[in-house]
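Read-outs: derived from the displayed coordinates by stated rules, not from any lab. Quick caveat: nothing in here was measured; it's all calculated off a predicted structure. Cβ placement follows ideal geometry from the backbone for every residue including glycine, while neighbour counts extend to all protein chains displayed.
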Amino acid sequence: MTARPLLALAVLACLAAGCSSARQLGSDTRQGLADGKRLGMLQAHGREEIAGRAHVSIPDRLRCRVTGSGGGTPVSCAGRTADGRPVALTGVITESGPLDKADYVRGDFTATVAGRTVLRAACIGPGC
């Protein structure tokens, strides 16, 4: 099911249940979709950037989550290199490329491998 039918079903369910603010639900849903898009871009592009800069293999995708709210989208990602060293990527996403391109994520990012900083960047991805 695509995002629009899911949004419509959520709004209808809210109205049927007597929610006072269907608009707020719609806004929250749109924000959740935007956060998910940004996290997906960061998972893919972050893994590539870290692997290239640190000259390591990261066989699995990074596991990322939103860590707060406020200006931008604060995120924290974790993974492991092929030889088991911990990988961390933290920062705040302020902008991302359009979904049809998905070629960059902008913000303030720091990545480490086994505790050693390997990346500080304001933009991650080929569209930077």
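The charge dipole of segment 20-128, taken about its Cα centre with unit charges on the Cβ of Lys, Arg, Asp and Glu (plus for the first two, minus for the last two), comes to roughly 160 debye. When segment 61-128 is described by a simple charge dipole with +1 on each Lys and Arg Cβ and -1 on each Asp and Glu Cβ, the residue from Cys64, Gly115, Cys128 located farthest towards its positive end is Gly115. Mean sequence separation of contacting Cα pairs (under 8 Å, at least six apart), scaled by the length of segment 39-124, corresponds to a relative contact order of 25 percent. The label-point distance for Thr94 and Arg116, in a model that sets each label 7 Å from Cα toward Cβ, rounds to 3.0 nm.
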